[in-house]
1. Shape verdict for region A:1-77, please, from the Cα gyration tensor: rounded (a/c under 1.5), prolate (a/b greater than b/c) or oblate.
2. Which FRET efficiency, nearest 0.05, do A:Lys92 and A:Leu158 yield, Cβ-Cβ r, R0 30 Å?
3. Before anything else, pin down the relative contact order of chain B: Cα pairs under 8 Å, at least 6 apart, normalised by residue count, whole percent.
4. Where q = 0.06, 0.13, 0.14 Å⁻¹, what log10 of I(q)/I(0) comes from the Debye formula for the protein assembly as shown, counting one point per Cα?
5. Karplus couplings for region B:322-339 from phi (6.51 cos²θ - 1.76 cosθ + 1.60, θ = phi - 60°), rounded to Hz, Gly and Pro as x?
6. For region B:1-50 and region A:90-149, write down the distance between their C-alpha centroids in whole Å.
7. Can you give me the accessible area per residue for chain B, using a 1.4 Å probe, in Å²?
8. Send over the semi-axes of region B:253-342's equivalent ellipsoid, whole angstrom and largest first, taken as the square roots of 5 times the C-alpha gyration tensor eigenvalues.
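The values are calculated or read from the model by the stated rules, or taken from the named source; none is laboratory data. Not measured: the values here are computed from a predicted model. No Cβ is skipped: glycine too gets one built from the backbone with ideal geometry, and neighbour counts run over all protein chains shown. Surface areas here come from the heavy atoms of the whole protein model, side chains and all, with no ligands, DNA or RNA. Shrake-Rupley method; radii C 1.70, N 1.55, O 1.52, S 1.80 Å.
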Amino acid sequence: MLGVKFKEILDSLFLKELVSGMAITLRYMFKPKITIQYPEERTPTSPRFRGVHVLRKYEDGEERCVACKLCEAICPAQAIYIEIDETSRAEKRLTKVYDIDLFKCIYCGLCEEACPVEAIVMGPYLDVAFENREDRFYHKDKMLTNGDKWKPVVDARLQADAKYR
Amino acid sequence: MTEFLQPIHAFGNDTFGVLWPVVWNLACIMIVVGPMLGAVAYLTYVERRVIAFMHVRVGPNRVGPIGLLQPIADAVKLMFKETLIPIHSRPMIFLIGPILTMGPALLAWAVIPFQPEMVIADLNIGVLYVLAISSIGAYGVLMGGWASNTRYSLLGGIRSSAQMISYEVSMGFTIIPVVMLSGSLNLSTIVEAQKNMWFVIPLFPMFVVYFISVVAETNRAPFDLPEAESELVSGFMTEYSALTYGMFFLGEYANMILVSALGSVLFLGGWLPPIAALDFIPGILWLAIKMSFLLFVFLWIRATFPRYRYDQLMRLGWKVFLPLSLFWIFVTGSAIHLLNLL
C-alpha cells in the first residue's frame, strides 16, 4: 500500500506520464501523413457517386434524349428546364434547351432514375466552382461535351451498377 | 570582435561626430529587432507545420515552396483588415494594450548576450531588468480587457493577468538558484559561470519548473486560458481585430522566443558549446540551436497536452511550483555553504 503510494509520488514528481505522452506525439511526427491534397489527389469514389450531370449519346453520335420531360417532372428541386425543338423530326423529338441550375440541384439522382433511355446520368466529378453566377447553368452542349469526355468512366459506372437496377 | 568593430567606430566618429553613440545604438537595436520580427513571423509557420506533423497532417503548404510564404500572406491579410474600436471603449487604452504586450517582449532583448561582447546593453542587473520588463506584459492584457468595455473581456483580462503574475513569481524564484551559483545578475557573467558545467545539470528540477512557468506566463497551451474560446469567448481579446489582434499574437510569439533565449542563457550555457572541442562554431549559432530546441519543446507541448482548468492552473502555480522552487533555493544555498562553492 505504501509502496504504491510512493510509486505514484515518484511518477508525478518525474512527470512520467507527461514524458510518455510527449514521446507518442514525437513518434507520430515522423509517420507518413494521411492528408489528401484535394485538387491534385482524390479519394476513390463509388460507382454510385453522384457528381455533375452528363448527357449521353448513342454509339453513332445521335443524342439519346427524346425530350420526354420525365426528368423535369420528377426533379424535386425543379432545377431542370427543357424546351422541345419544334423543328426536330416527328419520329424523334430533340431538346432545344436543356438547362440544369446547379444551385438548385440537390444531386438526388432522380432524373437519372426517371430517364427511359439513360440519356441523363450523374457524372464522376463534383468540381463545381464558378467565377460568375451565370456559370451555374449547365447547358445542353456543355453536358454533351462532358458526356463525351467522361464516357469511359460513365459507362463503367453504369455497367457496375446495372445488376442492382 | 573588438578588432572588427574598431574601423566601424572610427568611420562613424568621423561622419556623425558626437551623435555617433546614438546612431550606433539605433543600428544595434535594428540589427536585433529586425531578425526578431522575422523569427516571430516564421515561428507561426513552424508552429503550424510542427503541430500538423504531430497530428499526421501536412499543415500550410500552398503559399510558396512548402508554404514558406504563408507568414507573409497572413501578415498582408491582417494588415488590410479593418481595426474595429468598440463604441464605448477607451480608444487610447484600447490601443495601448497590444503595444504593451508587444513592446516589453522586444525591450528585454537589450540585455540578452548573443556571444561574448555581443550585447546591446551589458547591464550588471540584467536579470532584474528582464524580470521587470517582462512583468509589464500583464498590464497590456489587463488594459486590453478593461478598455474593451465588455464583461467577458474584463473577466478574461483579470484572469489572464492573475495567471501571468502567479507564474512570474515562480519563474523569478527559479532564477534565484542560478544567480546564487553564478554570484552575478549580469547575464554575460552567468553564461561565463557555466564554463565547466551548465546549470541545467545541478538545477534540473528548477529548469523544468522554469520551463513550465514560462509556458504558463506566455499563455501557451496547455496554459492558454486567456484564449478561453469556450467559456469567455476568447477572453481579453474578444473585441480586438486586425492589427491590434495581430499585435497580441506577435507579443505572445516574441515572448516565447525571449523566454527561450533567457532559458538558454540561464540554464543551457548560452553561447557555450556542450564540449570545448566544438568551439570553432560561433557562439551565436549555439545560442540559436538551444533556443530552437526550447521553442520546439513549446510547440511539442502544445501538440500533446489538453488545456488546464483555471483552478488547477492556479493550484499548480502557488501550491506546487512556489514551494518546490523555495525548497530548491534552500538546497542550493546549503550545497553552496557545505561545499564552499563560492
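1. Numbers: a/c = 7.31, a/b = 3.68, b/c = 1.98.
Prolate, because a/c is 1.5 or more and a/b exceeds b/c.
2. Working: r = 22 Å, r/R0 = 0.73.
With R0 = 30 Å, the Cβ-Cβ based efficiency is 0.85.
3. Numbers: 467 pairs, mean separation 72.6, N = 342.
So the answer I get is 21 percent.
4. Each listed q maps to, in turn, -0.47, -1.25, -1.39.
5. Coupling constants for region B:322-339: 5, x, 5, 6, 4, 4, 6, 4, 4, 4, 4, x, 4, 4, 4, 5, 6, 8 Hz.
6. That distance is 64 Å.
7. Values: 16480 Å² over 342 residues.
Averaged over the residues of chain B, the accessible area is 48 Å².
8. Over the Cα atoms of region B:253-342, the ellipsoid semi-axes are 28, 25, 9 Å.
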